[in-house]
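Read-outs throughout are calculated quantities, based only on the coordinates presented, and are distinct from any laboratory measurement. Keep in mind that what you see is a predicted model, and the values were worked out from it rather than measured. We place every Cβ from the backbone using ideal geometry, glycine too, and count neighbours over all the protein chains shown.
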Amino acid sequence: MALRVRLMLLKQDRLSLLEKQLERIDDQELTALFLGSARRDTNTERKKVLDEIGAALSVHGKLQFILFIDFLSVYDDYSNKVLRRWIRLSNATSKC
């Protein structure tokens, strides 16, 4: 579990850096319209960072889910079995 927590912290740090990068790009934007309309935005650097953020958030969400299950396994073995069965039957992990 400690390795997963460490990895989660690294992913959170990466998201923080990407957020700062996006804020810098937004602050330098000359056309305010682009900040409110993704369809009209022609800033390729912003699009690249937003794509990276999307990918990083997906990985982060999956790690959060795994850590939650680890947490349950430590404190409540029965709940863990029930949750794992629900995940298996509902195919919940493919929706993360």
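Charging the Cβ of each Asp and Glu at -1 and of each Lys and Arg at +1, and nothing else, the dipole of region 2-95 about its Cα centre rounds to 540 debye. The modelled label-to-label distance between R40 and V82, using points 7 Å beyond Cα along the C-beta direction, is 5.2 nm. In region 2-95, taking the dipole from charged Cβ atoms about the Cα centre, the farthest positive-side position among A55, I66, T31 is held by I66. Protection proxy ranking of 60-66, 4-10, by the mean of other Cβ atoms within 10 Å over each peptide's residues and highest first, is 60-66, 4-10.
Scaling against 2.2 N^0.38 Å puts the C-alpha radius of gyration of region 2-95 at 1.49.
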